[in-house]
Each structure stands twice: as C-alpha cells, then as structure tokens.
1. Cα centroid distance between the stretch 222-276 and the stretch 39-92, in Å?
2. Quick one: compute the contact order of the chain, relative version, from alpha carbon pairs under 8 angstrom and 6+ residues apart, as a percent.
3. Over all distinct alpha-carbon pairs, what is the Kirkwood Rh of the stretch 280-320 in angstrom?
4. Relative contact order for the stretch 247-314 using alpha-carbon pairs under 8 Å, separation at least 6, rounded to a whole percent?
5. I'd like to know which of Gly52, Ile285, Val261 lies farthest towards the positive end of the charge dipole of the chain, counting +1 on Cβ of Lys and Arg and -1 on Cβ of Asp and Glu.
6. For a Förster distance of 60 Å, can you work out the FRET efficiency between the beta-carbons of Met100 and Asp369, rounded to the nearest 0.05?
7. Rg (Å, one decimal) plus Dmax (Å, integer) for the alpha carbons of the stretch 83-343?
8. Considering the Cα positions of the chain, please state its Rg to one decimal place and its Dmax as a whole number of Å.
Amino acid sequence: MTHLSGGPALPQERRLVTAVPGPKSLELLARKNAAVAAGVGVTLPVFVTRAGGGVLEDVDGNSLIDFGSGIAVASVGNSAEAVVRRATEQLEAFTHTCFMVTPYEGYVEVAERLAELTPGDHPKKSALFNSGAEAVENAVKIARAHTRRTAVVVFDHGYHGRTNLTMALTAKNMPYKQGFGPFAPEVYRVPLAYPFRWKGDAQACAAEAAEAAIDQITKQIGAENVAAVIIEPIAGEGGFIEPAKGFLPRIAEFAKANGIVFVADEIQTGFCRTGQWFACEDEGIVPDLITTAKGIAGGLPLAAVTGRAEIMDAAHSGGLGGTYGGNPVACAAALGSIETMKELDLPARARRIEEIMKPRLAALMDKYDVIGEVRGRGAMIAVELVASGTRDGAKEPDAATAAAVAKACHAAGLVVLTCGTYGNVLRFLPPLVIGEDLLNEGLDIIESAFAGR
C-alpha cells in the first residue's frame, strides 16, 4: 500500500539489508560522538537519508517502519506534498525578514487558521514561536500579564519542556532536570487523576484527584495568587496518561471560578493525533490558552500560543516575539500541513489507527501479565509494563522489559519509543498517513518482541 501523503516515491515496506544499526550508521555514530555534545542522546542510531509515509530509510539502505513520527511531529508524514510545495515556494521567495521587523502574510494566515481550528467560538489571537517549550513559557508570561498574579500550577507526570522555566514545570527529574537547577520559582505541583495508579477506587479517581488538587491549591498557594494552571489533556512523556473522565472539566471549572487562566498543553496531543483536532475536545474543554507545536508544521520548527483575545492582548507591545518566531518557511509548511490534515481527514485516520492497534494490544495484554494497561486515544497509544504478577496489585513498574522490548523492535526494523515517569511505558505514535499493512506489520513485530523477551 502506498502512503497517503504524497511526497517522495519511497516504497512503503520494511527492508533490512544489514543489522540495525548498520556499518555506515555506526561510522556516523562515531563521528556524532566526537563532534556532538554527549548530552544530546539518540534513541536509535540509524542515520536517515529519506523518509515518508510510514517508513524511514537509512544510510545502509534499511527501511524501517516508523512508530515514532519524530515524537508526534511527522503526523502528515515526513514529506507531505503540500508541506514540501508550500515550503519550497516560500524558500524561493525569501527565508526570513523577522516578523517583528517587516511582517508577512504567512504568519497572519497561520494565526487565522489556529483561531478557526482550536476549541471555542470566542475571539482568538495567536503568537508564534519556535518550540513547544517556548510556547509554554510564553503562555505563562501572557497569563501573568493578564492576571497580575505569579503562581503557576502544574500536575504530577506532566512534561512541558527543557528551558529553565519549563524544567520547573516538568515533573520528571531524569533526564530532564538532573543537575540543571536551581529552577524558576512560583511553580506548584498537584496530583493528576492517573487511574491505573490511583491509590483507591479507580471509579472515584477523577473526583478524589480533583479534590486533592484543588485543596492543595487553596491551602498551599491561594487561588487568588494563581495566574495559570497548565495541563496536558493526555500526559505525554509522563506515560500517555489519560486523566480519569471528569477530572479536566472540574479543574477547568475551578480555574474559571477563580479567575485563573486554564492552559491546555496540546504540544504532543494536538493536530489530529488523538482522533480529534485537539484532545481537550473529548470532554468539551474550551481552554483559555492552548499551546501547540510538534504536528503543526510537518517537521519544520513552529509553535504557537492561541487563546482568548483579551488574554492574548494583555502583554505590552514588544513583550512577545523572538527573532525566528513564526519563520516564513515554517508558516508555509504549517499551512501545507493543515491543508493535508483537512484533505485526508486525519482525525478519522487517527481513529482508524486506534481501531487497529488497541484490540491487538489488548490481546497481548491477555497473553502477557507484564502488560499492566493498554491506553491512549487515536494514534497516541501506549502500554504500561509492570513486574510479572503485580498487574492487579502493587503494579511495580518494569522499565527493564520496556527497554528490552523496544530494543528487539529496533533490531527488527520498527522504531518505537519509551516514556513514563518510571520509564516503563512503550508509546506508539505512527504517522497518521501510515498504511494499514505497515501498521499491522509493526504490531506483528511488537508481538514477536514480547514473545521473545
């Protein structure tokens, strides 16, 4: 089956001609280790030469099935026709002027599309940046300017970036925070409704977690001091945790009642990934601000804060921006990416991926008690691994098996990622344009990896 996004005529097949990684990749890895800072790690050291649809081709001629999408970036594929066409046209026109110096239409058009696509029919405005961390950091700035308050509330298992402020917002220490402090002040962390690991009745998880979070905010911070609450509708790096139903609406309700800006961090969940344009739509959440990046521009660096016009306008003129923010080539790519998402109905495609993946992973869970839970929505699916025999009790995290299964998948030509606060979650983020034959072949490899572990 050919992939759905156009782009280069890459055969949509897994093909292994060497070990993974192969000799040429290993040569390049040696060069990387000599020239690139050691802190920049890689999950799988295969050096890519071409990519598209559901495959990555490396320097050794291997073709690997992609269940990573560059961490949810290449949702429309690595070389979608509309992205390539629009970005190429913009490259030929000009590469940069700095929007803050001499603006251009592409930036404005991206902001207009975001106003149309994001939840809610209220007047909206956007500001464009380069990365998800920049978007989150600027959302905090905007919320503080609007409320004249300083405190920021985040949640257990959340991930929001690697800058100093966003490291403070991020829950997981290693590898994101270890040795890099001190961190920005006035950041407070409260419980997340994590059903699989809730200590008590799972049915009561949403209400109990919301009550605990609100109680901590009220007693330890003071709601009147909180500028923003920031939450991922599905926690990404924390383990693809979908909060128990009812938790997000209760937190949003509390924020609204207390003049707190509710920020939905949709950097990993946004742009069709969960089967809807944005994950917060699942429970009818209309955030005050929404941060996006990753899937927005088909692989080019772009991010945005979009929200209620009166909040977005709180920052003084010149208070928001950056030299490269809303780069014209990245804006053109974003318009091509959105065009592709609409043309191919990628929310529906994400839902179809879930229909294929979840039953097969559930069957694996029935077979192997090391799989504690299968969860996620759309093409954002994960399995949490626990020590054998603990699934219905202690739920002891099993990071070693997660790493071993991932390694076996890599050797067989399937790119998968791990995540989770405890490092024990396998996450699957296939491009939304992947062919169903490749999707099923990737699941075959996962099954074999569990069987042979």
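What follows is calculated from the coordinates using simple rules that are stated; it is not laboratory data. The structure displayed is predicted, hence computed values, not measured ones. Every residue, glycine among them, receives a Cβ derived from its backbone with ideal geometry; neighbour counts consider all protein chains shown.
1. 30
2. 23
3. Evaluated on the stretch 280-320, it is 12.1 Å.
4. That works out to 28 percent.
5. Checked the options; the winner is Val261.
6. It comes to 0.60.
7. 18.1, 60
8. In order Rg, Dmax, the Cα atoms of the chain give 21.5, 63 Å.
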